[in-house]
Amino acid sequence: MSALLELRNVNKDYRIGGFFDSSTLHAVKNVSFTLDDSKPEIFTIVGESGSGKTTTARMILGNETPTSGSLRFMGQSITAIRSRAGKLKFMSKAQPIFQNPFEAFNPLSTIDYFLFSTARRFLGLRDKAAIDAATDKALHHVGLSLAEVRGRYSHELSGGQLQRIAVARALIPEPKLIVADEPVSMVDASLRMSIVNLFRDLRDRLGVSIIYITHDLSTAYYISDRVIIMYKGDVVESGVAQEVLGNPQHAYSKALSQAVLPPDPEAARKIIMAKIA
Amino acid sequence: MLDTLQAPTTTSSMLRVEGLKAYYQMNYFGVRREVRAVDDVSLTINRNEIYGIAGESSSGKSSLIKTIAGAITPPLRVVEGSVKFDFAGRELDVYADPQAMKAARWQNLSYIMQGSMNVLNPVRRVKHAFHDFAFKHMGLSPSAFRARVEKHLQRIGLDPHVLESFPHQLSGGMRQRLTIALATVCEPDFIIADEPTTALDVLVQQDVLALIKDIQQRMGASIIFVTHDMTVHAAIADRIGIVYAGRLVEEGPTLDVFRRPQHPYTAHLISSLPRIGDNKKRSALPGKPPNLADPPSGCRFHPRCPLAVDKCTNENPPLEARLTGRVACWRAGEVQTA
């Protein structure tokens, strides 16, 4: 058993304020967890805005350097990667998916441009047919095909389709890890399920581990294997998703799980009426 | 608990929408293009009722409430139909009498806008927003107006000091409360809300919903609101209307719609909701939302419908009364709910 990703006592501080009057914001405090290489899983980080979940994701992707602690990906320290070749190699194994699919693609370029340039850059392909084949294969994993996407602009596609294409783009270099930061919060409730089901499918079929970052406990419960709950930079609870979310112990996790409105009129109304009284 | 779930017994209607058609009509380089965002919608909203409109993005739900509010600009035009309000016996036809409509704005009819961050001017203190929106309508002296606003803020659970702050100094929940305060300070009879909780953090969502419900009960106002989040409808709507591709496909009391959905689209919306304590696989709807510039023939849902038959591709089902509500489906009620 080797670790795919290992975070050990990771901290991130930001200095806020001016030259004379500054304070320190502890965005992430002492976060440690390990993803196993041989067992792909969906690992969820739950927390509200400002809890440090996005900062953690940015550190895992190497976009942000931790103040202290170590992040290792496939045995190698993420912060120690310096060379361009090393960065490319790392990026081809750990890929991001962003929150807003409408903003992730440049509206003035056709969608296939992003897919082709990903294939060229990370797979080192030069041959047009090989690039097409790699792109088509990735699109097939998300239930689309190159024929449907070629030459289209982002405004011609629906949010759900765009988010699928964003997932396909991440799949082109055949990564081991996908970091998805709030991938469904901008997508309609009715399309949310198709994206979330896709993550399950990727884990089972392609063996990709997924770090799923969200504030929505109901989808977290639905797809996660393991979960950590973050609050103001601290991990307040962690463990198997169904146990943690089904029976939260920490006061903050309890508050979060109570904040989820049940999809049933009678139960939901009881909660709202109790708040008014 | 069940009594609060039933639609209010008073049947006097506040809003009557009849055969409303509002299209985006464009004419570029001699090519006419028509997007049928609101297509033959009729509905009635009663006094003291919260009516929720559900549907996916680009289904025309925002166009529908904009048309109801009379807040449309070309290329969106009303092609047919009428929107009539009844404010305490005074009838107001939104598209026949622009002068009366102007007078009724904010006094009788107000709007809670989506994205509270964008409503408040970032470089002016909050008090100016109240002045801009409401001062003219209330006919009070400046000091009396200020006292009234402060009293109203307290009622909504905000400290009157927020009037002196800039929007960026307030949290998202406080700003949303402020937009609700703005919309309700004149005690209007009818409130239109566009995605009132979508931009909010999960932890404050319930508080804001409770606030809306509370204000509505105390003022006896009617609310029509739009969101794609079915759990919000479950929490506060008395009745729900489901919009698909510009058409109202189902309508009924909230509890009935959730327990016994008659339209396959409604059934899908409800059964796909994830719940804590249940992680069995849920199916997603195949296909993509229809293009309203070129909608499918017959029933617009038929390309994605699991129950579609030949009749569905050819004939458009009318919205007909069924059980406690109305539904537009040739195979209404045949749907299995999980």
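Annotations for the structure displayed:
- Restricting region A:175-214 to residues that are assigned to a loop (DSSP other than H, G, I, E, B) and modelled with pLDDT under 90, the residue that is farthest from the other protein chains (Cβ to nearest Cβ): A:P183
- Only a single criterion out of (1) of a type in the set (A, V, I, L, M); (2) touching a helix residue (DSSP H, G or I) at 6+ places or on another chain (Cβ under 8 Å); (3) crowded, with 23+ Cβ neighbours inside 10 Å is not satisfied by B:A210, namely (3).
- For region B:260-278, filtered to residues that are under 27 Å from A:L245 (Cα atoms) and touching a residue at least 24 places away in the same chain (Cβ under 8 Å), the residue that is nearest to the other protein chains (Cβ to nearest Cβ) is B:L273.
- Residue in region B:105-125 that is in contact with an Asp or Glu (Cβ under 9 Å, 6 or more places away or on another chain), of a type outside the set (F, W, Y) and assigned to a helix (DSSP H, G or I) present: no
- The sole residue among B:L203, B:L255 that is facing another protein chain (nearest Cβ under 8 Å), closer than 22 Å to A:M186 by Cβ, surrounded by fewer than 24 Cβ atoms within 10 Å (Cβ to Cβ) and among the hydrophobic types (A, V, I, L, M, F, W, C) is B:L203.
- Enumeration of residues in region B:231-243 that are touching a helix residue (DSSP H, G or I) at 6+ places or on another chain (Cβ under 6 Å) and more than 10 Å from every other protein chain (Cβ to nearest Cβ): B:I242, B:V243
- Considered as a group, the residues in region B:146-161 that are in contact with a Lys or Arg (Cβ under 9 Å, 6 or more places away or on another chain) and not in a helix (DSSP H, G or I) include one that is surrounded by the most Cβ atoms within 10 Å (Cβ to Cβ), and that residue is B:L158.
- When every residue of region A:193-200 is checked against the conditions, at least one turns out to be more than 15 Å from the chain's Cα centre (by Cα) and hydrophobic (A, V, I, L, M, F, W, C).
- Some residue of region B:228-236 being buried (at least 24 other Cβ atoms within 10 Å of the Cβ), under 16 Å from the mean Cα position of the chain (by Cα) and part of a loop (DSSP other than H, G, I, E, B): no
- Filter result for B:I224 (within 30 Å of B:A103 (Cα to Cα), at pLDDT 90 or above and at the interface with chain A (Cβ under 9 Å from one of its Cβ atoms)): no
- Which listed residue is over 20 Å from the mean Cα position of the chain (by Cα), at pLDDT 90 or above and part of a loop (DSSP other than H, G, I, E, B), from A:L125, A:L144, A:L108: A:L108
- Failed condition for A:Y222, given (1) assigned to a strand (DSSP E or B); (2) over 18 Å from A:I60 (Cβ atoms); (3) touching a residue at least 24 places away in the same chain (Cβ under 8 Å): (1)
- Among the candidates A:T55, A:T24, residue that is more than 22 Å from A:A170 (Cα to Cα) and in contact with a strand residue (DSSP E or B) (Cβ under 9 Å, 6 or more places away or on another chain): A:T24
- Yes/no for A:Q242 being surrounded by fewer than 20 Cβ atoms within 10 Å (Cβ to Cβ), touching a strand residue (DSSP E or B) at 6+ places or on another chain (Cβ under 8 Å) and over 27 Å from A:R58 (Cβ atoms): no
The values are calculated or read from the model by the stated rules, or taken from the named source; none is laboratory data. Remember, it's a predicted structure, so these values are computed and weren't measured experimentally. Here the Cβ is made from the backbone with ideal geometry for all residues, glycine too, and neighbour counts use every protein chain on show.
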